[in-house]
Amino acid sequence: MSPTLKKEIKSWVIILSVMLVGHFTGINKHFITGIQSVMIQVMPLNLSPDHEKVAQKADYSLTMSNPAGELIKFEDYKGKVVFLNLWASWCPPCLAEMPNINNLYEKMKDEPDIKFVMLSIDENFDKAQAYVNRKKFNFPYFKVEFMPQVFKSPSIPTTYVINKSGEIIFIKEGMADYNTNKFIDLLKEAANEGN
């Protein structure tokens, strides 16, 4: 065997070993999440509505439970602007956008007409709770109990903004940075409608 071939085989063994260690220890997920966190900082968020998607009414039959296990009805949010985000603890793009969502929540939490619903679709809600607690996020998060068709998305994360009239005015499939002045203006304008 030539020295060049030996060197190439050794390189591939090292690369595969690193990949396997990363896979089995979960480091890959953290690495990918880190890269995606950087990516969303440079990707501008398009606030122009996709009229085919947003020409829908929200379905308030959505039910969820809080971390204490209490059943929460989405209809309690009628008449409010709702930032609704579907996520899971196993989804690197979801995890990448969460710090910015938490920062947005911190800026908006005292707005009485704007509510945040971070809706975990994890089958094991304990994993979602552990992640939120470990990161010390303050946004309200819930476990999905019943998901109406209008909120079933082919991908996560998916974010919806629902206005006070119950109309979906914004949908974004995939990760984004919502902690921007333009997005804050969108939420505030929706909250001020009808005042």
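Numerical summary
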| quantity | calculated |
| --- | --- |
| From the options GLN41, GLN36, residue that is modelled with pLDDT under 60, surrounded by 16 or more Cβ atoms within 10 Å (Cβ to Cβ) and out of contact with any Lys or Arg (no Cβ under 8 Å at 6 or more places or on another chain) | GLN36 |
| Matching residues in the stretch 173-185 - criterion: being surrounded by fewer than 19 Cβ atoms within 10 Å (Cβ to Cβ), part of a helix (DSSP H, G or I) and in contact (Cβ under 8 Å) with a residue 12 or more places away in the chain | LYS182, ILE184 |
| For ILE162: the one exception among (1) more than 13 Å from the chain's Cα centre (by Cα); (2) under 19 Å from PRO67 (Cβ atoms); (3) buried (at least 17 other Cβ atoms within 10 Å of the Cβ) | (2) |
| Sole exception among (1) out of contact with any strand residue (DSSP E or B) (no Cβ under 8 Å at 6 or more places or on another chain); (2) touching a residue at least 12 places away in the same chain (Cβ under 8 Å); (3) polar (S, T, N, Q) for THR159, by number | (1) |
| Close pairs (7 angstrom Cβ cut-off, 6 or more residues apart or separate chains): in the same structural domain as TRP87 (by TED's automatic domain parsing) and more than 16 Å from MET175 (Cβ to Cβ) in the stretch 99-110, surrounded by fewer than 16 Cβ atoms within 10 Å (Cβ to Cβ) and at pLDDT 95 or above anywhere | TYR105/ASN138; GLU106/ASN138 |
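The values are calculated or read from the model by the stated rules, or taken from the named source; none is laboratory data. All values derive from a computational prediction rather than experimental measurement. Note that each Cβ is placed from the backbone with ideal geometry, even for glycine, and that neighbours are counted across all protein chains shown.
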